[in-house]
Structures are given as structure tokens and as C-alpha cells.
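Worksheet: the structure to be examined is printed underneath.
Rule-based calculations on the coordinates, nothing more; no lab input. Since we're looking at a predicted model, the values are computed, not measured. Because the Cβ atoms are built from the backbone with ideal geometry, glycine has one as well, and the counts that use them run over all protein chains shown.
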Amino acid sequence: MRTMTILAAGAALIFVSAASAQEQPAAPPAGSAPTAPSAQPARPSIQSVNIVDIKELPEATQTQVNEVVDKTSDADLQKLRSTVDATPQVKSALEAKGLSSAQVVAFSMGNDGVLTLITKKPG
């Protein structure tokens, strides 16, 4: 399994970017000059959502995830969970597994559009 990059602090940015990437861009006003294309690389949109319980991960990966989670502030974790709730595709994937955003502790977004949520059940 490849090493997961987990940055809960950037969760809101990635989710919002992924969600907005699915929206159609606004047309420029009539008579305006064309603008140069953005120099930013395109962020992948969410193509699929994988949900993995932390206990399903290899022990070394569990340790990595727990280290990152321990360094994540409550505010950043709350932002992640709020963004999950505000993204219908992600929220419905969680609900289909009988989970909620309160159980999400980390995520990984691949360049291929695969969003992996790592969950942890209380107790």
C-alpha cells in the first residue's frame, strides 16, 4: 500500500476545490477581453470515495495516521468534518456505511480523484 499523505489542516481546501471543480465556470461578460489560462495545475475532482477504518490499515500506517491526528487541532478536525458534511457525495458514502463525519479522523486525496477517508470508531 502506498504511503498516505494526510493533512487534516488542508482538508477544507481540498474538499472545496474538488467540489468547485465539478461546477461549470462562469462565462466572461460580453465584450470583455479573453483572459490567460490559469497557471495553476488542475486539482482532481472527486471520482470515488473509499472509507477505511483505521484498524483495517497496516500497523505502521496506523501509527503514521495516529501521529498526524495527534498533531491536528480540534479546530482543523472540525473543519474537515464540516466539509465532509457539506459535500453530498462524501456524506452519502459515509452514510452508506453507517458512519458519520464525526468518525472521520483523516483523509488522502489521490491525483486520480480517489478520496480516502480514514475513520475511527469511538471506544
Exercise for the section: Report, by chain and number, residues whose modeled amide H sits under 5 Å from the one on A106, excluding near sequence neighbours (fewer than 5 apart, same chain). Expected result: I118
Problem - Estimated FRET transfer efficiency (K121, A75; beta-carbon r; R0 25 Å; 0.05) - result: 0.65
Problem - Residue-by-residue Karplus 3J(HN,Hα) for region 106-112, coefficients 6.51, -1.76, 1.60, Hz, glycine and proline x - result: 6, 8, 9, 10, x, 5, 8
